[in-house]
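Report on one structure; see the data block that follows.
Read-outs throughout are calculated quantities, based only on the coordinates presented, and are distinct from any laboratory measurement. Quick caveat, the model's predicted, so the values are computed rather than measured. Cβ coordinates were reconstructed from backbone atoms using ideal geometry, including for glycine residues, and neighbour counts include every protein chain displayed.
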């Protein structure tokens, strides 16, 4: 008879599982929306609808671009460079290059006050994305490249840190 005590003890693998989750990087997420994810626009002010439309177009243009630490092009891009380029392309605004600089570029806001275009930061400023709507954000994921994720999934909800609003 086989030794079932090894198989029946999932707690033995918990430390290994936690280590793997920590090492997977800022963009790893266990449950991501499909690449075609695009929530239906809610009736909103014209500028919000326009902002969302431009951000979703940016997603379409960059979707799947691989993550590359320090990258700043379609051949590879990191989260803060993607935010910097998106703000320049979509809003015509220049943002600093790094997350530590970007978090100081706007006014802190509550998670409950998020609007399309606000910046959301995760894990003490190690990752940044752009809020869309309905608790979804656009970002450069280490695992999926440029994508849209839900702030409510188990990974991102635990990593959420702060939000800011950039004023022109």
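Placing a pseudo-label 7 Å from each Cα along the Cα-to-Cβ vector at residue 157 and residue 100 gives an inter-label distance of 3.2 nm.
Which FRET efficiency value, to the nearest 0.05, do you get for residue 113 and residue 53 by plugging their Cβ-Cβ distance into 1/(1 + (r/R0)^6) with R0 = 30 Å? Write down the numbers at each step before the final one.
Details: r = 21 Å, r/R0 = 0.72.
So the FRET efficiency works out to roughly 0.90.
In terms of overall dimensions, the range 45-106 has a Cα radius of gyration and Dmax of 12.2, 36 angstrom.
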